[in-house]
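The values are calculated or read from the model by the stated rules, or taken from the named source; none is laboratory data. Being a predicted model, the structure only gives us computed values, none of them experimental. Don't worry about glycine lacking a Cβ; one is built from the backbone with ideal geometry, like all the others, and counts go over all protein chains shown. Surface accessibility is based on the protein's heavy atoms, side chains included, excluding ligands, DNA and RNA. Shrake-Rupley method; radii C 1.70, N 1.55, O 1.52, S 1.80 Å.
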Amino acid sequence: MTSDEISTRTRHEVIVIGAGVSGIYQIKRLTDLGIDAIVLEGDDDLGGTWYRNRYPGARFDSESYTYGYSFSKEVLAEWHWKERFSAQPENLRYLNFVADKFDLRRHMRFNSRVEQMTWHDDTSEWHLSLTSGEKYIARFVIASLGPLSQPTLPSYPGMDAFAGESFHTFHWPKEPVALEGQRVGVIGTGATGIQVISVIADQVAELKVFQRRPNWSSPLNNAAISADEMQAIRDRYDEIFENCKNSPGGFEHLPDWRGFWNFTPEERHARWDQLYTESGFAILASNFAEIFFDEKANAEISEYIADRIRGRVDDPATAEKLIPRDHGFGMQRLPLETRYFEAYNLDHVHLVDLSETPIDHVTATGIQTTGEHHELDLIVYATGFDAITGGYDRINITGVDGATLADKWRSSPRTFLGMLTNGFPNLLMVAGPQSASGSTNFPRAIETGVNWVTDLVHHATETGTTRIEATAEAEDEWVDEVIRAHERMLFRRSKGWFTGYNSNVKGHQEGTIRYQAYFGGAPQFSARIDACAASGYEGLELV
Ligand code: NAP
């Protein structure tokens, strides 16, 4: 690299990639410490997942007041969450409120998509190139990439030939989409599909749901939050965040350790009757812990939820098609719903079972399955994401000795504490693979991640440390711990993004296991990363 080439690059101590939930907090922490840092964001505005996912029905499934940031007493005092599970427009307003309150936009560069990052060992710096051709240099790069930020589409023949509108839910247009009077097809019944189907079912003329495999789903139990209730929540914020810190899932819902088998089936069912009406993930996170580890316990709760579905869907044949057979309740990331199953009681809503009649191709006017042609005006692809590592794979990241991160993580990611990866010094990840973020209430985990990464960068700037790398041994040990936690869980056999399955991504199809997240729980994760910091960063080589 010539000195001319270097001088055309803009230099910063830290570059944060991504202005979503984690990037916003990350830049706040760094700039508060006076560290020279900017955020590069590929989109034209901040908000990440809440900027992009504008589809009808998009909302939190963590209680709003456990999703918001905890770092600012002022924000906690000023913001009124209007619903227990707040919807996308409000969530985006919230992120803008926080960013504007602390004047964070001035540190953000929008329309700045990083396409390449190359490590220079001689100077201990990252050189970054954007799709625009702009170039940057940074001592540290902090990846605040969303774990679900790379949407994936099927590859059915004819998709481009469809004459009506069609898009992935992640790309739902900003402009209103006409639904009234339309014949709409939704492909995919994960958390996204379930949210969108439930809301648009009442609005469209005809809805065809193309379901390959059903997902378990249970009621969200949303409700409005009045001014008085919000005040009561504010008064309890310290307690709320303390509870989240101490629960494996990062929620207020605490697991029930009283022992599944210490109760009669009738007593268990009575408990589930209650949990089914409670908010959010209570039915999962506050259930008997055995449902995650013990096949018989899981089979019993699965049958209980199956009966609930049977009780809500009028047509028994449709009800049976909506009940998963290949995995138990909670063994894939559980979608939460509001009147999802009742949508199938509407005359104009039809379930197309792709396990019986797979999609053959898309035509100009609809979808041709092996059974029939479905005439459609709009196709919505709710087909999921290249989860956790997808954001990293989209950047050509070259580390020590020209090794690429994509190659290193091809069969499964490998990290130390989900924060660093050997061979890629000074690349820090706040919600990286094998951290607890993917397996717990996301914002609680990212605050933990941001705080840890910030402390490390601060330590480096204070001590003149210019190069930080996880050792290969420390990484091996952490990966072993991640695998051990994964192997304890029944879900290890299921096909979902927890286990790295995505039928639309080469190498992630059925039969592959990717150790994507740490499933040992939020408290254990926090204790582990705190111990690392307290030991003077044992497992890291600081030069
Ligand atoms: P997903 O859970 O991966 O579901 C994708 C769906 O598309 C599955 O039903 C899948 O079927 C189907 N699909 C994929 N490719 C297909 C193909 N070629 N043909 C037919 N069907 C196909 O994705 P998601 O629903 O977008 O959810 C991803 C994650 O985002 C969630 O697990 C959750 O963590 C997060 N999320 C959160 C919220 C919230 O409330 N906060 C809302 C939405 C999403 P198969 O199962 O057969 O592959």
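Consider segment 352-407. How many of its residues are of a type in the set (Lys, Arg) and in contact with an Asp or Glu (Cβ under 7 Å, 6 or more places away or on another chain)?
Step one: list which residues in segment 352-407 are of a type in the set (Lys, Arg), which gives 394.
With in contact with an Asp or Glu (Cβ under 7 Å, 6 or more places away or on another chain) added as a condition, the list becomes none.
Summing the residues that are of a type in the set (Lys, Arg) and in contact with an Asp or Glu (Cβ under 7 Å, 6 or more places away or on another chain) in segment 352-407 gives 0.
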- Query: Could you count how many residues in segment 497-543 are of a type in the set (Val, Ile, Thr) and within 19 Å of the chain's Cα centre (by Cα)?
  - Reply: 3
- Item | Criterion violated by ASN426 - all others in (1) open to solvent by 10 Å² or more (accessible area, probe 1.4 Å); (2) modelled with pLDDT of 95 or more satisfied | (1)
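Which of the residues belonging to segment 531-540 are part of a helix (DSSP H, G or I) and without any contact (Cβ under 8 Å) to a residue 60 or more places away in the chain? Spell out how you get there, then give the answer.
Residues of segment 531-540 part of a helix (DSSP H, G or I): 531-534.
ALA531, ALA534, listed by residue number.
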- Query: Which pairs have Cβ atoms under 6 Å, sit 6 or more apart or on different chains, and link a residue in segment 202-226 that is over 20 Å from THR369 (Cβ atoms) and of a type in the set (A, V, I, L, M) to one that is within 13 Å of the ligand (Cβ to nearest atom) and open to solvent by less than 30 Å² (accessible area, probe 1.4 Å)?
  - Reply: LEU220/PHE85; LEU220/LEU336
- Query: Just checking, how many residues over segment 441-494 are among the aliphatic types (A, V, I, L, M), in a helix (DSSP H, G or I), in contact with a helix residue (DSSP H, G or I) (Cβ under 9 Å, 6 or more places away or on another chain) and within 21 Å of ASN422 (Cβ to Cβ)?
  - Reply: 5
- List pairs: first in segment 174-192 and under 17 Å from GLU206 (Cβ atoms) and of a type in the set (S, T, N, Q), second more than 6 Å from the ligand (Cβ to nearest atom) and not in a loop (DSSP other than H, G, I, E, B), Cβ under 7 Å, 6+ apart or cross-chain? GLN182/VAL204; GLN182/LEU378
- Counting only residues that are assigned to a loop (DSSP other than H, G, I, E, B) and in contact (Cβ under 8 Å) with a residue 60 or more places away in the chain, which one in segment 81-95 is most open to solvent (accessible area, probe 1.4 Å)? LYS82
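Taking segment 430-457, which residues are under 18 Å from ARG514 (Cα atoms) and buried (at least 24 other Cβ atoms within 10 Å of the Cβ)? Give the steps one after another, and end with the answer.
Kept after step one, since they are under 18 Å from ARG514 (Cα atoms), are these residues of segment 430-457: 431-440.
Across segment 430-457, the qualifying residues are ALA431, GLY432, PRO433, GLN434, SER435, ALA436, SER437, SER439, THR440.
Could you say which residue among SER132, SER155, SER149 is of a type outside the set (D, E, K, R), within 16 Å of the ligand (Cβ to nearest atom) and open to solvent by 60 Å² or more (accessible area, probe 1.4 Å)?
On the way: SER132 fails: within 16 Å of the ligand (Cβ to nearest atom); SER149 fails: open to solvent by 60 Å² or more (accessible area, probe 1.4 Å).
Unique residue meeting the criteria: SER155.
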- Item | Residue pairs meeting the criteria (Cβ under 8 Å; at least 6 apart or on separate chains; first more than 9 Å from THR152 (Cα to Cα), in segment 370-387; second outside any strand (DSSP E or B) and of a type in the set (Asp, Glu)) | GLY371/GLU356
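Looking only at segment 244-262, count how many residues are in a loop (DSSP other than H, G, I, E, B) and charged (D, E, K, R). Give the derivation first.
Keep residues of segment 244-262 that are in a loop (DSSP other than H, G, I, E, B), which gives 247-255, 257-259.
Applying the additional criterion that residues be charged (D, E, K, R) yields 252, 258.
Looking only at that region, the number is 2.
Only one of these is within 30 Å of ARG312 (Cα to Cα) and either free of Cβ contacts under 8 Å to residues at least 12 places away in the same chain or open to solvent by 20 Å² or more (accessible area, probe 1.4 Å) (or both): ASP347, ASP407. Name it. Talk me through it step by step, then tell me what you get.
Numbers: ASP407 fails: within 30 Å of ARG312 (Cα to Cα).
From the options ASP347, ASP407, the qualifying one is ASP347.
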- Item | Breaking point among (1) open to solvent by 20 Å² or more (accessible area, probe 1.4 Å); (2) within 16 Å of the ligand (Cβ to nearest atom); (3) part of a loop (DSSP other than H, G, I, E, B); (4) not aliphatic (A, V, I, L, M), for TYR518 | (1)
- Message: Being more than 30 Å from ASN502 (Cα to Cα) and open to solvent by less than 50 Å² (accessible area, probe 1.4 Å) narrows it down to one residue among ASN215, ASN262, ASN243; which is it?
- Response: ASN243
- Task: Could you grab me the full set of residues in segment 218-251 that are more than 29 Å from GLY330 (Cα to Cα) and hydroxyl-bearing (Ser, Thr, Tyr)?
- Result: SER226
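Would you please name the residue that is farthest from the ligand (Cβ to nearest atom), looking only at residues in segment 162-180 that are among the small types (Gly, Ala, Ser) and open to solvent by less than 60 Å² (accessible area, probe 1.4 Å)?
Here is the first cut: in segment 162-180, the ones among the small types (Gly, Ala, Ser) are 163-164, 166, 178.
Remaining after also requiring open to solvent by less than 60 Å² (accessible area, probe 1.4 Å): 164, 166.
Details: GLY164: 18, SER166: 14 Å.
So the residue we want is GLY164.
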- Query: For VAL186, all conditions in the list (1) touching a helix residue (DSSP H, G or I) at 6+ places or on another chain (Cβ under 8 Å); (2) open to solvent by less than 10 Å² (accessible area, probe 1.4 Å); (3) away from the ligand (no atom under 11 Å from the Cβ) hold save one; what is the number of the exception?
  - Reply: (3)
- Query: When segment 190-214 is examined, which residues are found to be among the polar types (S, T, N, Q) and either more than 9 Å from the ligand (Cβ to nearest atom) or over 19 Å from GLY366 (Cα atoms) (or both)?
  - Reply: THR192, GLN195, SER198, GLN203
